[in-house]
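Structure, as structure tokens:
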Amino acid sequence: MNIQGRVWKYGDDIDTDVIIPARYLTLTDENELGKHCLEDLDPSFVSKVQPGDVILAGNLFGCGSSREHAPIALKGVGCAAVVARSFARIFLRNSINVGLPAIECPSAYDTAQEGDVLEIDLAAGTVTNTRTGAVHQSAPYPQFMLDVLDAGGLVPFTREKLAAERPGG
Amino acid sequence: MGHTIAEKIIAAHCGRDDVRPGEFVDVDLDLVMANDVTAPLAIREFRKLGVDRVWDRDKVVLVGSHFVPAKDIASAQNMKDMREFAREQEITHFFEPGKGGIEHALLPQEGIVAPGEIVLGADSHTNTYGAIQSLASGFGSTDCAIAMATGKTWLKVPPSIKAVFTGKRKAWVTGKDFILRLIGEIGVEGANYQAIEFHGEALRDLTIYERFTMANMTTEAQAKCGLFFVDEKTLEFVGPRVKRAFSSYEPDPDAAYARVVEIDVSGMEPQVAAPFLPSNVSDIADKAGIEIDQVFIGSCTNGWLPDIRTAAQIMRGRQVHPRVRAVVIPATQQIYVEALKEGLIEVFAEAGAAVAAGTCGPCLGGSLGVLAPGERAVSTSNRNFPGRMGHRSAEVYLTNPAMAATAAILGRIPSVEDAEALLHESVTA
């Protein structure tokens, strides 16, 4: 599974309260949540971002609450992936569960500029910066996480698994 | 090589004698919990799984806590969806506002969580139950949906940090100050993907409620869980509440830790976390004098009855500062009723504070005290990121309940001397 996208670069400790503020937590629709994505950090983000773009962030992206509305909002606004120096535990898991790849890759962050294009090979765990040509290696996903992303998230993945386990299924 | 408490609890839930940090394991869950923010998404995903019934109607808990009583039509619809799902699935533990409260005080209070168990909660502060050695951790709605259907989840076995608290604390210093100091020490990323195991004689001296406060805020260091030893105080709390057999664990003497952090509490002052990170911690004296607009006393961190009593002791017979509004929210309905019977609600009301029944409310900028641009608050809650309690420019200082109540009276961040002067005044008056 490969992704190529233009980069929007942000700093450290981007928490879930700014990815999607609590005042929008009564929403559940992906597109509606997407309209407010990152608005307390960068109010112009939703007007700039294009489908297929990639968020590039510093340390501990997605810290704070367990709200899955955060990766859903990023998906809703069209982000194809998030690359960060590091992720908060719950965000990383939520992100993969909703089918949004989240890749920990400090050197990719440190050397990229806003507007660069990154090529991400999830199976190999590589992030290539097309401007510099540098190939950055991250820890590849375990196979079952790749399978979850291939299925489009944990729910479709589990649905198939439960159907297969059912007698006569 | 021996095992940590987290490793022992996880091994017992995946049919193994031995698990090691970094391993991926499937565990059997004892409980799955969601609230009115996370349940609507979880229910939607549950419906896509092709499963009709939840795995165990006694072990799926649904709590209205965040936007309750409903603050608008959308939150009313979310509660309605959760209520209808609870009825359809005949969920045993479903809580309406006025009958429950904030889940992290409510579940321990009702004996729904117990030592040695694994709890998957769709709320980041699920870690709270670690105070009674429940390996409880925050997850998102999709994980919650799968868990509601199967009673299982996957975990990566976490390495553990051994946090050792030594010495004897001074007056005014609480579990809140212990955990703020720890977060200040290790940072907001300090326990990411890790468990915290609490050790040391200074913890024996804490009430069970202060331990809940500490386990609660392990979340702010990104810990997967924060686990205490089970001692006589744990059993005193759990004994009358939990009606089933449970196990407790001690780490082996040769257990391996990722890191040992020692904190001597002997000279410690009350702490404060200044904007905009829970790790931006100093002695409260360093921030004393900063003027404030609002005080919030409550939340899953410090909305327990002893917290409410402490605040009332300081506010009794006094008035909230003219420039300040104060909001007090006991975490559960039971705490509210006990506070009422003890006359504490009257104390707050007469002091000019607004009092509400068990809800998260202002902690997440939900309702009942959202901050305007540029405003500054002192709060007994757990987070102070930009926008946490309202506008992104609003500032939140996190303290213990005594310091917050003193701030409400004085209109500024207090020093310990300020609090002592207030109490002395009441003795001599």
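The values are calculated or read from the model by the stated rules, or taken from the named source; none is laboratory data. These figures come from a predicted structure and were not determined experimentally. Cβ sites come from the backbone with ideal geometry, for glycine too, and all protein chains shown count toward neighbours. Protein only, heavy atoms only, side chains kept; ligands, DNA and RNA dropped before computing areas. Shrake-Rupley method; radii C 1.70, N 1.55, O 1.52, S 1.80 Å.
Report yes if A:Phe45 is more than 10 Å from every other protein chain (Cβ to nearest Cβ) and buried (at least 22 other Cβ atoms within 10 Å of the Cβ), otherwise no.
no
Listed here are the residues, each with its yes/no results for (1) in contact with a Leu (Cβ under 6 Å, 6 or more places away or on another chain); (2) free of Cβ contacts under 8 Å to residues at least 12 places away in the same chain; (3) not polar (S, T, N, Q).
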| position | (1), (2), (3) |
| --- | --- |
| A:Ala108 | no, no, yes |
| A:Glu114 | no, no, yes |
| A:Glu119 | no, no, yes |
| A:Thr128 | no, yes, no |
| A:Ala134 | no, no, yes |
| A:Gln137 | no, no, no |
| A:Leu149 | no, no, yes |
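Could you look through the range B:136-166, keep only residues that are within 21 Å of B:Met214 (Cβ to Cβ) and hydroxyl-bearing (Ser, Thr, Tyr), and pick out the one that is nearest to the other protein chains (Cβ to nearest Cβ)?
B:Ser137
Under the condition of being within 12 Å of another protein chain (Cβ to nearest Cβ) and open to solvent by less than 10 Å² (accessible area, probe 1.4 Å), which residue from the range B:111-135 is nearest to B:Phe46 (Cα to Cα)?
For the range B:111-135, the residue satisfying everything is B:Ala122.
Condition check ((1) within 22 Å of B:Val370 (Cβ to Cβ); (2) in contact with a Leu (Cβ under 6 Å, 6 or more places away or on another chain); (3) among the aromatic types (Phe, Trp, Tyr)) across all residues:
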| site | (1), (2), (3) |
| --- | --- |
| A:Met1 | no, yes, no |
| A:Arg6 | no, no, no |
| A:Asp17 | yes, no, no |
| A:Pro21 | yes, no, no |
| A:Leu25 | yes, no, no |
| A:Asn31 | no, no, no |
| A:Ser44 | no, no, no |
| A:Asp53 | no, no, no |
| A:Leu60 | no, no, no |
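Only one of these is β-branched (Val, Ile, Thr) and either within 12 Å of chain B (Cβ to nearest Cβ) or open to solvent by 10 Å² or more (accessible area, probe 1.4 Å) (or both): A:Val148, A:Val83, A:Val127. Name it.
Within the list A:Val148, A:Val83, A:Val127, the selection yields A:Val148.
Within the range A:1-41, restricting attention to residues that are farther than 30 Å from B:Met79 by Cα and within 11 Å of another protein chain (Cβ to nearest Cβ), which residue is most open to solvent (accessible area, probe 1.4 Å)?
A:Asp12
Need the failing condition index for B:Arg244 against (1) open to solvent by 10 Å² or more (accessible area, probe 1.4 Å); (2) among the basic types (Lys, Arg); (3) closer than 19 Å to B:Ile5 by Cα, just the number.
The failed condition is (3).
For the range B:253-311, list the strands (runs of 3 or more DSSP E) that sit wholly inside it and hold at least 1 residues that are touching a residue at least 24 places away in the same chain (Cβ under 8 Å), in contact with a helix residue (DSSP H, G or I) (Cβ under 6 Å, 6 or more places away or on another chain) and under 21 Å from B:Ser367 (Cβ atoms); which are they?
Where strands (runs of 3 or more DSSP E) fall fully within the range B:253-311 and carry at least 1 residues being touching a residue at least 24 places away in the same chain (Cβ under 8 Å), in contact with a helix residue (DSSP H, G or I) (Cβ under 6 Å, 6 or more places away or on another chain) and under 21 Å from B:Ser367 (Cβ atoms), they are B:294-298.
Condition first: crowded, with 24+ Cβ neighbours inside 10 Å, within 14 Å of another protein chain (Cβ to nearest Cβ) and over 16 Å from B:Glu84 (Cβ atoms). Now tell me which residues in the range B:20-34 satisfy that.
B:Val32, B:Met33
Under the condition of being open to solvent by less than 80 Å² (accessible area, probe 1.4 Å) and more than 15 Å from A:Asp29 (Cβ to Cβ), which residue from the range B:42-54 is farthest from the other protein chains (Cβ to nearest Cβ)?
By that ranking, first place goes to B:Val54.
Sort out which residues of the range B:182-212 are open to solvent by less than 20 Å² (accessible area, probe 1.4 Å), part of a helix (DSSP H, G or I) and away from every other protein chain (no Cβ under 14 Å), and write them in order of number.
Passing the criteria: B:Leu182, B:Ala202, B:Leu203, B:Ile208, B:Arg211, B:Phe212.
In the range A:49-80, what residues are in a helix (DSSP H, G or I) and within 11 Å of chain B (Cβ to nearest Cβ)?
Matches in the range A:49-80: A:His69, A:Ala70, A:Pro71, A:Ile72.
Name every residue in the range B:386-415 that is among the charged types (D, E, K, R) and not in a strand (DSSP E or B), in order of residue number.
Passing the criteria: B:Arg388, B:Arg392.
Check the range A:23-42 and report whether any residue there is out of contact with any helix residue (DSSP H, G or I) (no Cβ under 9 Å at 6 or more places or on another chain), outside any strand (DSSP E or B) and not basic (Lys, Arg).
no
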